[in-house]
Amino acid sequence: MADTAQQLMTEDEFLLWCLDKDQRFELVGGIPIEMMTGASRTHDRIIVNIIRALGNQLRGTPCTPATADVAVRTRFRSVRRPDVTVTCDPPSNTDYDAPSAKLVVEVLSPSNRGIAWHRKLDEYRGRDGLAYILLVESDAVGAALYQRAPGSETWTTVDATDRTAVFDLPQIACTLSLTDVYEGIDFEPAG
């Protein structure tokens, strides 16, 4: 009888396996899952705006923003690729993940609405050292910031739906305004 069981990957095996792939993958419970590609221009613009806003404030500090090419280990046999990560790790040419991630940003869009966000959020919330999880809407102005005080296991949430809203991120010495997040983006009125 043929063995049809799939060999589960470790996080390290997965990160090396990804090196020769053209697609982008996440590791969920030891199984590589192909990620959606082909984000809308609005989705991409939001990511670029966030990286620019945070990068300008982080210049000269040990922390830097990173794209989804940098992975975040979330739990045993699970690796995620947030749209934006702020990490305070020293630069390395041999690391493909962010061991000291402080902030992860996920931009929500119609193409990723069907994923199990509660599971992904639980994985992020269980990660040691992570201070902030930011979920940003791409079809309307809106964001939710999950934040954890240093040394605490309790997460609080702040929601915003106004371009004038500003999120304070003291653990990385930054702020992020929705004006900056949605710079150059106009949403069509409903109806």
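Please treat every number below as a calculation from the coordinates, not as lab data. Small disclaimer: the values here were computed from a predicted structure and weren't measured. Every residue, glycine among them, receives a Cβ derived from its backbone with ideal geometry; neighbour counts consider all protein chains shown.
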Next item on the list: Describe numerically, in nm with one decimal, the distance between label points set 7 Å from Cα along Cα→Cβ at residue 156 and at residue 125.
Entry: 1.6
Note to self: Under 5 Å between amide hydrogens, which residues at least 5 positions from residue 28 or on another chain qualify, with H placed 1.01 Å from N in the peptide plane?
What the structure shows: 33, 79
Next item on the list: With a Förster radius of 30 Å, plug the Cβ-Cβ distance of residue 173 and residue 7 into 1/(1 + (r/R0)^6) and report the FRET value to the nearest 0.05.
Entry: 0.10
Next item on the list: Describe numerically, in nm with one decimal, the distance between label points set 7 Å from Cα along Cα→Cβ at residue 95 and at residue 22.
Entry: 3.1
Next item on the list: Please report the relative contact order for segment 142-191, taking Cα pairs under 8 Å with a sequence separation of at least 6, and give it as a percent rounded to a whole number.
Entry: 26
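Per the helix-only calculation at 222 nm, which mean residue ellipticity applies to the chain, given -39500 (n - 2.57) for every DSSP H run of n ≥ 4 and division by its residues, nearest 500 deg cm²/dmol? Don't skip to the answer; put the middle values down first.
Details: 4 runs with 38 residues, N = 191.
After summing the helix terms and dividing by residue count, I get -5500 deg cm²/dmol.
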Check: Given 7, 157, 46, which one lies farthest toward the positive end of the charge dipole of the chain, if we put +1 on the Cβ of every Lys and Arg and -1 on the Cβ of every Asp and Glu?
Finding: 157
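Counting other C-beta atoms within 10 Å, which of 121, 134 has the fewest, and how do the rest follow?
On the way: 121 16, 134 24.
Fewest-to-most Cβ neighbours within 10 Å comes out as 121, 134.
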Item checked: Dipole in debye (nearest 20) - the chain, about Cα centre, beta carbon charges: Lys, Arg +1; Asp, Glu -1 -> 240
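Would you list 74, 164, 64, 179 from fewest to most Cβ contacts within 10 Å?
Details: 74 25, 164 9, 64 18, 179 15.
In increasing order of surrounding Cβ atoms, one gets 164, 179, 64, 74.
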Check: In the set (1) 13.2; (2) 14.1; (3) 10.6, which value of mean projected area of the Cα convex hull in nm² was calculated from the structure you see?
Finding: (1)
Notebook entry, point to check: Going by Cβ distance under 4.7 Å, what cysteines of the chain have no possible disulfide partner?
Noted result: 18, 174
Checklist line | Computed over segment 68-191: relative contact order in percent, which uses C-alpha pairs under 8 Å that are six or more apart | finding: 16
Item checked: Helix 41-58 axis, angle to the chain major axis (alpha carbon atoms, nearest 10°) -> 80
Margin query: Whole-Hz ³J(HN,Hα) for each residue in segment 168-178, computed from phi via Karplus 6.51 cos²θ - 1.76 cosθ + 1.60 with θ = phi - 60°, x for glycine and proline: what do you get?
Written below: 8, 10, x, 6, 10, 6, 9, 10, 9, 9, 5
